[in-house]
Every structure is written in structure tokens, then in C-alpha cells.
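For reference, the structure is listed below as C-alpha cells.
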């Protein structure tokens, strides 16, 4: 099987790993981790990160937006109006139209509020935004987001920052089979094998933040995630053997001595 390009909103990217920019000790560590990850896209929480005040430390001073694609997101938004206002601000500041939408339901579990998320997707798409949508792993809602004009579907693997890994492989497979949009696992990745599994399920990419930023060695973990995504993608493309509950000898049984 020949691999297709990783394309989002008609733009091609070499790396299928997307890295978050929050939770690092400082911008220098963040930049080093992103370099080690080989990521072409980084998420930026518009409401939490200084990207416009030149008198204060800025992410742009460490990660060049001309070399790395910034993906403004709406982390910390709990209503459609707040998310839409935040992304309009991002468009005014940097001209960004490729964005990540994240509308949360509560501050404890951080699950997506899907009614507000769907409404936001519809409105932002009409305004010309290319919306990559953080959502739950519900295949029916994922289809509604696709019909609403989403540029990518980004179901959670587990709660944000939990590190629990992929909890519902069946739903992820169903979403994969029903959509032609880029499918990117977002939230819950804890270790590199989680990222490999996501890619083996047929996902187009993986977004990782906490698992890298809060690792004892973020730089090494970022590199591990890089190789994990590549390995998982190659495994998926190779076509795994059919699972069998019975044993099967590795060598031929004909002509035994």
C-alpha cells in the first residue's frame, strides 16, 4: 500500500505528529522538544500564551511560525461564543484560518461540550475558517461534524492530560471507516506505544502535549513519539496478519524428516 500525504485543508505536512506548546518549564524546553519531535504543526492556546506583546517573552521568539505551522486553539473555552471570539482574535493577530476548536463542558473532566462544539463548527466554517475539531469518540457526532464542514476530526483517546491511552478502539475504528477527513487522536496519550496504536488503527495523525511536556525528559519523549508515529503508520500500511486463536507453525509441515 502506497502511503498518502498527510493533508489538512489542502496543505501537506511531512510529520503526522502534532505537538502542544503548553506545560513546559519554559519556551526553550518547548522549542527543543518540538525540534526533537520533528513536528510541522504546534498548537497554541490563544487565551493562555502571549503571541502579540513584544515586550514580554513570546513563543514566536523560540518557534518560528514561518517554519512551523501554528494551530491556534480555544483551550479554556466553555461556550461557543468564547471559542468563536478567540479564533477571530487569532485571525486578526496572525491571519490564521486553520484552527483547532475546543469547547469544554466542565473544568473537572474536560470533556468536549458537543452541542456547543457543533454550533461553533458551523459558524466558524461559514466565516471561512478551516476547523480541526476536538470531540468525543462518538461516531454519530463525528459524522455530524463532518457534515458541518470540519477540516479534521480529533476524537479524544481519554480525558485531556490523563495519559490513559486509547480507551475505545472500536469507536475509533468506526469513525475511521466512515470518514474521509483527516482523523487525529487528540488527548489522553500517555506513552509512545499509545501513539503507535493510534496509527495502527488507521488514524492520520496524533496530537501530544502532556505526555511530552510532563515527562521526566521531554526531549527524549518527543523523539520517542516521533518514531512511534512513524512505526505505527508503517505497521498500518503493511497490513497485519489476521488474528487467530489457534497456533500455526512458522515452518512448512510438508517434507518433515
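The values are calculated or read from the model by the stated rules, or taken from the named source; none is laboratory data. The shown structure was predicted, so the numbers you read here are calculated from the model rather than taken from an experiment. Cβ coordinates were reconstructed from backbone atoms using ideal geometry, including for glycine residues, and neighbour counts include every protein chain displayed.
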So is residue 101 at pLDDT 90 or above, surrounded by 15 or more Cβ atoms within 10 Å (Cβ to Cβ) and closer than 21 Å to residue 19 by Cβ or not?
-> yes
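Could you please let me know if residue 216 is out of contact with any helix residue (DSSP H, G or I) (no Cβ under 7 Å at 6 or more places or on another chain) and in a loop (DSSP other than H, G, I, E, B)?
Numbers: out of contact with any helix residue (DSSP H, G or I) (no Cβ under 7 Å at 6 or more places or on another chain): yes; in a loop (DSSP other than H, G, I, E, B): yes.
It is true that residue 216 is out of contact with any helix residue (DSSP H, G or I) (no Cβ under 7 Å at 6 or more places or on another chain) and in a loop (DSSP other than H, G, I, E, B).
Might you let me know whether the stretch 152-159 holds any residue that is within 15 Å of the chain's Cα centre (by Cα) and surrounded by fewer than 18 Cβ atoms within 10 Å (Cβ to Cβ)? Steps first, please.
Taking the stretch 152-159 first, the residues within 15 Å of the chain's Cα centre (by Cα) are 152-159.
Within this subset, residues satisfying the condition of being surrounded by fewer than 18 Cβ atoms within 10 Å (Cβ to Cβ) are 159.
Looking through the stretch 152-159, at least one residue is within 15 Å of the chain's Cα centre (by Cα) and surrounded by fewer than 18 Cβ atoms within 10 Å (Cβ to Cβ).
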For the stretch 42-54, indicate whether the set of residues that are closer than 18 Å to residue 75 by Cα, at pLDDT 90 or above and out of contact with any strand residue (DSSP E or B) (no Cβ under 8 Å at 6 or more places or on another chain) is non-empty.
-> no
Which residues, taken from the stretch 69-94, are in contact with a helix residue (DSSP H, G or I) (Cβ under 8 Å, 6 or more places away or on another chain), crowded, with 19+ Cβ neighbours inside 10 Å and farther than 16 Å from residue 125 by Cα?
-> 70, 77
Of the conditions (1) surrounded by fewer than 14 Cβ atoms within 10 Å (Cβ to Cβ); (2) touching a residue at least 40 places away in the same chain (Cβ under 8 Å); (3) in a helix (DSSP H, G or I), residue 240 fails just one. Which one is it?
-> (3)
Does residue 234 fit the bill of being out of contact with any strand residue (DSSP E or B) (no Cβ under 8 Å at 6 or more places or on another chain), at pLDDT 85 or above and either in a helix (DSSP H, G or I) or under 17 Å from residue 207 (Cβ atoms) (or both)?
-> yes
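Looking at the stretch 1-25, which of the residues that are out of contact with any strand residue (DSSP E or B) (no Cβ under 8 Å at 6 or more places or on another chain) and under 21 Å from residue 224 (Cα atoms) is surrounded by the fewest Cβ atoms within 10 Å (Cβ to Cβ)?
In the first step, residues of the stretch 1-25 are kept if they are out of contact with any strand residue (DSSP E or B) (no Cβ under 8 Å at 6 or more places or on another chain); the result is 1-4, 10, 23-25.
Next, from what is left, pick out any that are under 21 Å from residue 224 (Cα atoms): 23-25.
Details: 23: 13, 24: 19, 25: 9.
Only one residue fits best here, namely 25.
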Could you list, in sequence order, all residues of the stretch 174-196 that are without any contact (Cβ under 8 Å) to a residue 40 or more places away in the chain and under 27 Å from residue 149 (Cα atoms)?
-> 174, 175, 176, 177, 178, 179, 180, 181, 183, 185, 188, 189
